Amino acid sequence: MLTMESVAATMRSNYDWSPVMDAIIKVESNGNPRAVNGKHAGVLQISPILVRECNNILKRRGSKKRYTLNDRFCPKKSREMFVLIQSEHNPENNVSHAIRMWNGGTGYSVRGTNGYYRRVKKHL
């Protein structure tokens, strides 16, 4: 059954995040799907907390799909997780917010994410 929330989520997820993801991938891993830095892994350097948040979003939306920690090493699934996070936490599809949130989390500070933001913007 379609709800207004699921329709809105689908509409938000149709935004083309490819250029932003490509720029973030360049900064995070230089495109290496096997890149690991502490708890972060894959082309987008996804943390276990982000995987858990994606699964919580999917559960709330009534989806049976779930991501595993190994999915972080799959560029396609990493991109899916990025889009899912944006659809939930950035419904306005604000590019600046997306970049800063990817670096500093949902409660990021502008000041704390300025350097990262500038590095990503160079690749856009």
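Give the residue that is nearest to LEU84 (Cα to Cα), with candidates limited to residues of segment 14-57 that are touching a Phe, Trp or Tyr at 6+ places or on another chain (Cβ under 8 Å) and assigned to a helix (DSSP H, G or I).
By that ranking, first place goes to CYS54.
When VAL83 is evaluated against the numbered criteria (1) in a helix (DSSP H, G or I); (2) without any contact (Cβ under 8 Å) to a residue 12 or more places away in the chain, which criterion, by number, is the only one it fails?
All conditions pass for VAL83, except number (2).
Looking only at segment 106-117, how many residues end up being under 20 Å from CYS54 (Cβ atoms) and surrounded by fewer than 16 Cβ atoms within 10 Å (Cβ to Cβ)?
Total satisfying the criteria: 2.
Values in this text are rule-based calculations from the coordinates and carry no lab data. As the structure is a prediction and not an experimental result, all values here were calculated from the model. When we count neighbours, we look across all protein chains shown, and the Cβ atoms used for this are built from the backbone with ideal geometry, even at glycine.
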